[in-house]
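Engineer: Quick one: this structure, given as structure tokens, is what I'll be asking you about.
The values are calculated or read from the model by the stated rules, or taken from the named source; none is laboratory data. Keep in mind that this is a model prediction, so the values were computed, not measured. Counting neighbours? That spans all protein chains shown, and the Cβs are built from the backbone with ideal geometry, glycine included. We work out accessible area using only protein heavy atoms, side chains counted, and drop any ligands, DNA or RNA first. Shrake-Rupley method; radii C 1.70, N 1.55, O 1.52, S 1.80 Å.
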2 protein chains.
Amino acid sequence: MVALETTPNSLSSLAQQTQNAAKQLAILSTQQRNEALSAIAQALSTYQDDIITANAKDCEQAKIDGIPEALQARLKLDQNKLQSAIAGIEDVAKLPDPIGTTQINRELDKGLILKRLTCPLGVLGVIFEARPDALIQITSLAIKSGNGVILKGGKEALNSCQTLTQVIHNALAETDVPPEAVQLLTTRAEIQELLALDQYVDLIIPRGSNSFVRYIQENTNIPVLGHADGICHIYIDQEADLNKAVTLTVDSKTQYPAACNAVETLLVHQAIAKDVLPLLEKAMTEKGVTLRGDQATRQILPQIEEATATDWETEYGGLILAVKVVESAASAIAHIQTYSSKHTEAIITENSNLAQTFLHQVDAAGVFHNCSTRFSDGFRYGFGAEVGISTQKMPPRGPVGLEGLVTYKYQLTGDGHIAATYSGENAKPFTHKDL
Amino acid sequence: MVALETTPNSLSSLAQQTQNAAKQLAILSTQQRNEALSAIAQALSTYQDDIITANAKDCEQAKIDGIPEALQARLKLDQNKLQSAIAGIEDVAKLPDPIGTTQINRELDKGLILKRLTCPLGVLGVIFEARPDALIQITSLAIKSGNGVILKGGKEALNSCQTLTQVIHNALAETDVPPEAVQLLTTRAEIQELLALDQYVDLIIPRGSNSFVRYIQENTNIPVLGHADGICHIYIDQEADLNKAVTLTVDSKTQYPAACNAVETLLVHQAIAKDVLPLLEKAMTEKGVTLRGDQATRQILPQIEEATATDWETEYGGLILAVKVVESAASAIAHIQTYSSKHTEAIITENSNLAQTFLHQVDAAGVFHNCSTRFSDGFRYGFGAEVGISTQKMPPRGPVGLEGLVTYKYQLTGDGHIAATYSGENAKPFTHKDL
């Protein structure tokens with residue numbers, strides 16, 4: 001395997017190189033991009049031994065450095081994980097092409113045709129953590145959507161990422177996609193530099209801890225796709241079905257406690273609190289979850305810890321759940337409006353009118369009724385791929401699939417049409433007829 | 001007319017008040033919002049004398065202060081302009097409701113239904129210049145889209161804006177829309193403060209000079225809808241029809257030279273330059289346009305001024321046009337890629353393959369073939385209303401109608417569905433069936 005010679009003397013010129021490659025990539029056909037994905041999949045199979053060897057080196061070093069075991073597990077890229085990442089590339093190839101879609105096709109006047117077509121954003125800057133398989137997934141999504149990508153993986157995964165990038169570069173060299181469309185940064189210092197390259201980079205996707213994402217958001221003028229906090233609430237209404245309430249809360253907390261869509265605060269209507277809380281406490285204890293309650297909760301469950309004000313604004317990301325008894329659905333909504341990170345908020349009730357009010361009034365990317373907060377996810381929503389979850393108000397919001405990696409442009413075609421014809425006293429009217 | 005008592009002691013509490021009012025506004029029906037628009041239209045008619053008197057005071061002061069005549073003309077709100085603004089409110093009322101639209105309606109599994117529905121952004125911060133009729137238009141668009149709005153008009157229009165806001169507040173007091181959903185700031189110092197209120201304000205829309213918009217973009221974490229520069233190009237290809245080339249360029253430059261979609265730089269293929277440039281020079285001179293040319297242009301038109309490097313990056317906003325002779329369509333595209341502000345770029349050619357290449361390769365919100373750049377406008381595109389033109393890559397891009405004032409949320413309704421059912425070895429598959 002021969003390393004591709006691309007060593008620009010600065011990050012800025014590397015980014016410019018990526019932008020130029022992205023421009024070539026942007027105008028390739030669906031087939032050309034899909035063929036590049038197949039070539040990458042095949043090369044990753046061919047060179048799997050090199051990749052696994054490089055990864056083993058990273059894993060060994062991680063052990064020596066005493067890196068936490070959970071991180072070591074994410075870092076490890078064995079044959080199974082690699083095969084599954086390769087299968088993921090084939091899945092991405094099968095997804096509908098997100099670019100070239102006609103969103104508007106409108107006659108403004110005879111012979112003056114407006115089209116709005118989706119097109120790639122340009123260059124993505126993706127900063128991720130230990131998992132080297134993330135590099136494979138991100139690269140395939142970038143190529144599918146016609147975007148160049150500048151990748152920065154965790155330093156623990158350096159050997160793995162370098163080998164993967166080399167294999168990808170060599171594979172692309174045999175396709176119509178310029179290898180320079182995919183670039184790897186290797187030092188932490190480069191992140192800061194990358195954030196300033198708004199001339200070349202069109203979207204930053206940070207994957208990491210809350211504080212890391214917040215740091216990125218606050219230190220760049222480039223749009224950022226992602227979210228810092230995921231403080232999700234469940235409100236158990238007085239008209240909730242007790243079994244559903246317990247089952248849904250347990251699933252929302254324990255199905256994957258580290259996920260951003262796991263529940264962190266439970267709000268319980270006072271009229272049902274003494275019925276549901278003991279059942280919940282039992283179920284949660286079985287799952288190893290620690291409850292922290294406000295005063296009213298602790299009157300019913302005196303053995304649990306006290307929840308203080310900071311609990312309402314904490315994403316535990318683990319097996320702790322804050323519990324508060326509320327006077328009414330309105331108080332629950334008010335608590336949510338105050339502390340929500342606008343990720344996912346759920347109500348459990350058999351009162352469908354109240355459920356409608358909750359779904360209508362609560363401002364969050366996901367508003368759920370009688371189901372687990374854990375469904376807030378691009379794959380579960382049927383997007384085929386997830387590039388991130390956004391808690392910002394402006395679209396794309398919530399779980400974002402390939403549509404988050406494209407933009408659009410307006411193409412207007414005429415035959416000598418001038419604006420003066422449609423202005424002033426004898427202005428010709430537009431037809432504005434959708435075709 | 002009685003002034004509404006709303007004097008919060010800080011901008012932050014005023015913004016919070018607007019946010020609370022916006023939450024009430026957000027859940028009103030289409031009819032309730034349209035009724036509020038009618039009430040405003042009626043009140044503006046009823047109190048037209050008060051409004052025109054207040055405006056006359058502003059105009060008088062503007063004359064004393066020696067404000068430029070063009071600005072004085074924009075400031076003036078006579079009966080005609082007021083009637084036309086009132087008619088504009090009725091037009092907005094007739095537009096389709098941008099909120100509550102179902103974008104996705106999908107069964108994830110039996111009884112687990114995902115919907116993506118459009119909803120208001122929350123609170124808009126709109127900073128505009130002298131024209132008091134802008135306040136009327138913006139307010140009606142905000143109410144139509146279910147958003148609260150904090151307005152800051154030019155200081156020249158202070159009396160006009162205060163009277164208009166008072167009339168609007170009194171009108172809203174008789175409707176279901178809380179008057180606090182519309183607020184007016186009166187001092188320039190408040191702009192700086194407004195830009196820091198990302199907790200309460202969801203979108204800033206600046207309407208003003210390029211440098212002002214750039215200042216806003218660089219000094220807030222709130223998303224900004226707008227554009228700084230509008231450096232639009234026309235490329236006249238060697239296969240252009242000469243008459244079309246001249247007519248389209250004249251219209252693009254002169255139909256409204258101050259507009260952001262007016263052409264600033266003309267690129268001419270060398271093979272056609274000596275045919276088209278003299279015709280163009282004659283037509284432009286008749287319209288009072290000064291040409292500035294590069295060396296090759298001045299070999300054909302020796303009498304015109306020299307264009308220096310800074311001309312390629314200048315938005316004249318007036319009757320000057322920079323002209324450059326290029327070797328090929330590729331050189332034209334390369335020049336555009338370097339200097340474009342990604343607003344609107346046009347090609348004039350009878351070669352439809354080349355036109356397709358241009359539309360495909362040039363990265364701008366608008367890419368035009370054989371028509372005037374002046375068509376780049378929300379009304380001309382048939383959006384009914386324009387809230388701004390964005391030159392950013394991420395959507396909304398280009399002319400933005402009401403869709404730029406809404407976002408969406410995902411509503412998921414189940415009946416006790418938990419994520420565990422769809423995970424692990426015996427995972428139940430999702431149906432992902434669009435309904």
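Engineer: Please state the Cα pair-distance histogram of the stretch B:373-422 with 10 angstrom bins from zero: what percent is in each bin?
Structural biologist: Calculated over all Cα pairs of the stretch B:373-422, the distribution is 22, 34, 13, 14, 14, 2 percent.
Engineer: Quick check on the protein assembly as shown: helices-only [θ] at 222 nm, where DSSP H runs of length 4 and up contribute -39,500 (n - 2.57) each and the sum goes over total residues. Nearest 500, please.
Structural biologist: When only DSSP H runs of four or more count, the value is -12500 deg cm²/dmol.
Engineer: Something else about it: Using θ = phi - 60° and the Karplus curve 6.51 cos²θ - 1.76 cosθ + 1.60, what whole-Hz ³J(HN,Hα) does each residue of the stretch A:398-404 get, with Gly and Pro shown as x?
Structural biologist: My calculation for the stretch A:398-404 gives x, x, 10, x, 4, 4, x Hz in order.
Engineer: Amide H to amide H, which residues 5 or more places from B:Leu203 or on other chains are under 5 Å from it, using H placed in the peptide plane?
Structural biologist: Those qualifying (amide H under 5 Å, at least 5 residues apart or on another chain) are B:Val123, B:Gly125.
Engineer: Right, here's the next one. Which whole-Hz couplings ³J(HN,Hα) result when phi for each residue of the stretch B:44-50 is put into the Karplus expression 6.51 cos²θ - 1.76 cosθ + 1.60, θ = phi - 60°, listed in order with x for Gly and Pro?
Structural biologist: 5, 5, 4, 9, 4, 5, 4
Engineer: State the Kirkwood hydrodynamic radius of the stretch B:171-320 in Å, one decimal place, computed from all pairs of distinct Cα atoms.
Structural biologist: 18.6 Å
Engineer: Are there any trypsin sites (Lys or Arg not before Pro) in the stretch A:109-184 that are in a DSSP loop and have at most 15 other Cβ atoms within 10 Å? List them by number.
Structural biologist: A:Lys110
Engineer: In whole Å, how far is the Cα centre of the stretch A:143-205 from that of the stretch B:193-235?
Structural biologist: So the separation of the two Cα centres works out to 30 Å.
Engineer: Here's a follow-up. Number of Lys-Lys pairs in the stretch B:1-125 under 25 Å by Cα, sequence gap 8 or more or different chains?
Structural biologist: Within the stretch B:1-125, the lysine pair count is 7.
Engineer: Quick one: in chain B, whose Cβ comes closest to the B/A rotation axis, and how close in angstrom?
Structural biologist: B:Pro395, 3
Engineer: Counting only DSSP beta bridges with both residues in the protein assembly as shown, what percent are antiparallel, rounded to the nearest 5? Let's see the in-between values first.
Structural biologist: Working: 38 of 124 bridges.
Of the beta bridges lying entirely in the protein assembly as shown, close to 30 percent run antiparallel.
Engineer: Where in the stretch A:89-180 are there GluC sites (Glu not before Pro) that are in a DSSP coil and have at most 15 other Cβ atoms within 10 angstrom of their Cβ? Kindly include the intermediate steps, with their values, before the conclusion.
Structural biologist: Details: sites: A:Glu90, A:Glu107, A:Glu129, A:Glu156, A:Glu174, A:Glu180; in loops: A:Glu129, A:Glu174.
Sparse-neighbourhood loop GluC sites (Glu not before Pro): A:Glu174.
Engineer: Check each residue of the stretch A:76-112 and keep those whose accessible area, probe 1.4 Å, is at least 20 Å² smaller with all protein chains in place than in the chain alone; give them in order of residue number.
Structural biologist: A:Arg106, A:Leu108
Engineer: When chain A is modelled as a GNM with alpha-carbon springs shorter than 10 Å, which of A:Thr163, A:Thr285, A:Thr30 fluctuates the most?
Structural biologist: A:Thr285
Engineer: Hey, another quick one. Calculate the FRET efficiency for A:Glu60 and B:Lys428 from the Cβ-Cβ distance with a Förster distance of 35 Å, rounded to the nearest 0.05. Write out the running numbers ahead of the final one.
Structural biologist: On the way: r = 39 Å, r/R0 = 1.13.
According to the calculation, E is roughly 0.35.
Engineer: Only bridges whose two residues both fall in chain A count here: according to DSSP, what percent of them are antiparallel, nearest 5?
Structural biologist: Given both bridge residues lie in chain A, the antiparallel proportion sits at roughly 35 percent.
Engineer: Only Cα pairs under 8 Å and at least 6 apart count here; give the relative contact order of the stretch B:232-375 as a rounded whole percent.
Structural biologist: 33 percent
Engineer: Restricting things to Cα coordinates, could you compute the convex hull volume per residue of chain A in Å³?
Structural biologist: Convex hull of Cα atoms, per residue: 189 Å³.
Engineer: Once phi is turned into θ = phi - 60°, what whole-Hz ³J(HN,Hα) does the Karplus curve with 6.51, -1.76 and 1.60 give for every residue of the stretch A:139-154, x standing for Gly and Pro?
Structural biologist: Couplings: 4, 5, 5, 5, 5, 4, 8, x, 9, x, 9, 10, 9, 9, x, x Hz.
Engineer: Taking the DSSP beta bridges in the stretch A:232-380 as the whole, what percent of them are antiparallel, to the nearest 5?
Structural biologist: Numbers: 0 of 24 bridges.
Approximately 0 percent, going by the DSSP bridge assignments.
Engineer: Moving on to the next point. With an 8 Å cut-off on Cα pairs and a minimum separation of 6 or more residues, tell me the relative contact order of chain B in percent.
Structural biologist: 18 percent
Engineer: At 10 °C and 1.306 mPa s, what whole-number value in µm²/s does Stokes-Einstein give for the translational diffusion of the stretch A:236-281, with Rh from the Kirkwood sum over Cα pairs?
Structural biologist: 145 µm²/s
Engineer: What residues have an amide H closer than 5 Å to that of A:Asn105, excluding those fewer than 5 places away on the same chain, when H is modeled at 1.01 Å from N in the peptide plane?
Structural biologist: Under 5 Å from the amide H of A:Asn105 lie the amide H atoms of A:Arg116, A:Leu435, each far enough along the sequence or on another chain.
Engineer: When you take every Cα atom in the stretch A:11-218, what is the radius of gyration, and what is Dmax, the widest Cα pair distance, in Å?
Structural biologist: 18.3, 72
Engineer: Across every pair of different alpha-carbon atoms, what Kirkwood hydrodynamic radius in Å does the stretch A:326-372 reach?
Structural biologist: 10.6 Å
Engineer: Something else: Starting from the eigenvalues of the Cα gyration tensor, five times each then square-rooted, give me the equivalent ellipsoid semi-axes of the stretch A:232-380, largest first, whole Å. Intermediate values should be presented prior to the final figure.
Structural biologist: Values: eigenvalues 79, 61, 43 Å².
Ellipsoid half-lengths, sorted descending, are 20, 17, 15 Å.
Engineer: Once the piece of chain linking A:Ala189 and A:Asp176 is laid out straight, how much longer is it, given 0.36 nm per residue of separation minus the C-alpha distance between them?
Structural biologist: Value of the extension gain: 1.5 nm.
Engineer: Just to confirm the numbers: A:Asn221, label point 7 angstrom along the Cα-Cβ line, distances to the other copies in nm, shortest first?
Structural biologist: In ascending order, 1.8 nm.
Engineer: Just the number, please: Stokes-Einstein D of the protein assembly as shown in µm²/s, Kirkwood Rh from C-alpha pairs, 4 °C, 1.567 mPa s.
Structural biologist: 44 µm²/s
Engineer: Taking only protein heavy atoms and a 1.4 Å probe, what accessible area per residue, in Å², does the stretch B:11-218 have with all protein chains in place?
Structural biologist: For the stretch B:11-218, the solvent-accessible area averages 41 Å² per residue.
Engineer: Where a ≥ b ≥ c are the square roots of the eigenvalues of the C-alpha gyration tensor, would you call the stretch B:118-174 rounded, which needs a/c under 1.5, or, failing that, prolate if a/b is larger than b/c, or oblate?
Structural biologist: Verdict is oblate for the stretch B:118-174.
Engineer: Carbon and sulfur: what percent of the stretch B:377-435's accessible surface (1.4 Å probe)?
Structural biologist: Roughly 49 percent, rounded to a whole number.
Engineer: Provide the FRET efficiency to the nearest 0.05 for the A:Gln24-B:Asp50 pair, computing r from the beta carbons and using R0 = 41 Å. Intermediate values should be presented prior to the final figure.
Structural biologist: Values: r = 62 Å, r/R0 = 1.51.
After rounding, the FRET efficiency stands at 0.10.
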